[in-house]
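Only one structure is covered here, and it is reproduced in the block below.
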Amino acid sequence: MDKTSPAFPSFIETSRLALRAPHLSDTEEMFASYTQDADVARYMVWQPHASVETTHDFIAGCVAQWNAGLAFPYIITLKSSGRLIGMLEARPSGHIVNVGYVLARRHWGQGLMVESLQAFTALALRLPSVYRVEATCDVDNRPSARALEKSGFLQEGRLARHTVHPNISAEPRDCFIYAACRP
């Protein structure tokens, strides 16, 4: 692990969820759960995966980033069944951790991403080197904005021409920036 990266645990548990480090064995379940779903990918920075091989390559990259301490892409599973339902990725940079997240469509609207974000953010802000957890979302992605707000993040502003969401436009789109900070 990079010496400047915070020491994130490989496992986080909530009342309904378990967040854990990724494994190559997650490939087929992740593909079936959400990576091929155009509705899920709509506001993502990646296009829907056309094959399980694309998802395998993605997970291999996640494992490599985790092992190098560059990013911490947690697989989100339901505790009740062990079923893979999404991912929350933490990307540390100095005292800031940027997070991105995705959830399988059949689990939308159940508060599961809010639960994941709250658990991760509380843990991250207890680490001595972390003072800020931040996330961005497309200005039209109201469900993501609501999840951040329900998780205790505050909207800090609008970032013009910030992120390319290839499933919407080839040009960078405006995004809102949200943050939760240690007092």
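What follows draws every value from the coordinates through simple rules; no lab data is involved. Please read these numbers as outputs of a predicted model, since none were measured by experiment. With ideal geometry, Cβ positions are generated from the backbone for all residues, glycine too; neighbour counts draw on all protein chains shown.
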Task: Where Asn167 falls short, out of the listed (1) out of contact with any strand residue (DSSP E or B) (no Cβ under 9 Å at 6 or more places or on another chain); (2) polar (S, T, N, Q); (3) crowded, with 18+ Cβ neighbours inside 10 Å - done: (3)
- [ ] Inspect the range 8-23 for any residue being out of contact with any His (no Cβ under 6 Å at 6 or more places or on another chain) and in a helix (DSSP H, G or I) and give the result as yes or no.
- [x] no
Task: Those residues of the range 24-43 which are part of a loop (DSSP other than H, G, I, E, B) and either surrounded by fewer than 19 Cβ atoms within 10 Å (Cβ to Cβ) or acidic (Asp, Glu) (or both), in sequence order - done: Gln36, Asp37, Arg42
TODO: Looking at (1) more than 18 Å from Phe153 (Cα to Cα); (2) in contact with a strand residue (DSSP E or B) (Cβ under 6 Å, 6 or more places away or on another chain), find the lone condition where Met113 falls short.
DONE: (1)
Open item on the list: Please determine whether any residue of the range 117-127 is part of a helix (DSSP H, G or I), free of Cβ contacts under 8 Å to residues at least 12 places away in the same chain, of a type outside the set (Val, Ile, Thr) and under 26 Å from Thr35 (Cβ atoms).
Closed with: no
- [ ] Return yes when Ala135 is under 19 Å from Gly86 (Cα atoms), part of a helix (DSSP H, G or I) and in contact with a strand residue (DSSP E or B) (Cβ under 9 Å, 6 or more places away or on another chain) and no when it is not.
- [x] no
Task: Contacts under 6 angstrom Cβ, first residue in the range 166-182 being touching a residue at least 60 places away in the same chain (Cβ under 8 Å), partner buried (at least 16 other Cβ atoms within 10 Å of the Cβ), 6 or more apart - done: Asn167/Ala41
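For (1) more than 30 Å from Glu29 (Cα to Cα); (2) touching a helix residue (DSSP H, G or I) at 6+ places or on another chain (Cβ under 6 Å); (3) crowded, with 17+ Cβ neighbours inside 10 Å, each residue gets a yes or a no:
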residue	(1), (2), (3)
Glu89	no, no, yes
Arg126	yes, no, no
Tyr131	yes, no, no
Arg146	no, no, no
Glu156	yes, no, no
Asp174	yes, no, no
- [ ] Collect the residues in the range 57-93 that are polar (S, T, N, Q) and on the phi > 0 side of the Ramachandran plot, keeping them in residue-number order.
- [x] none
Task: Residue in the range 44-57 that is farthest from Pro92 (Cα to Cα), counting only those that are outside any loop (DSSP other than H, G, I, E, B) and in contact (Cβ under 8 Å) with a residue 24 or more places away in the chain - done: Val52
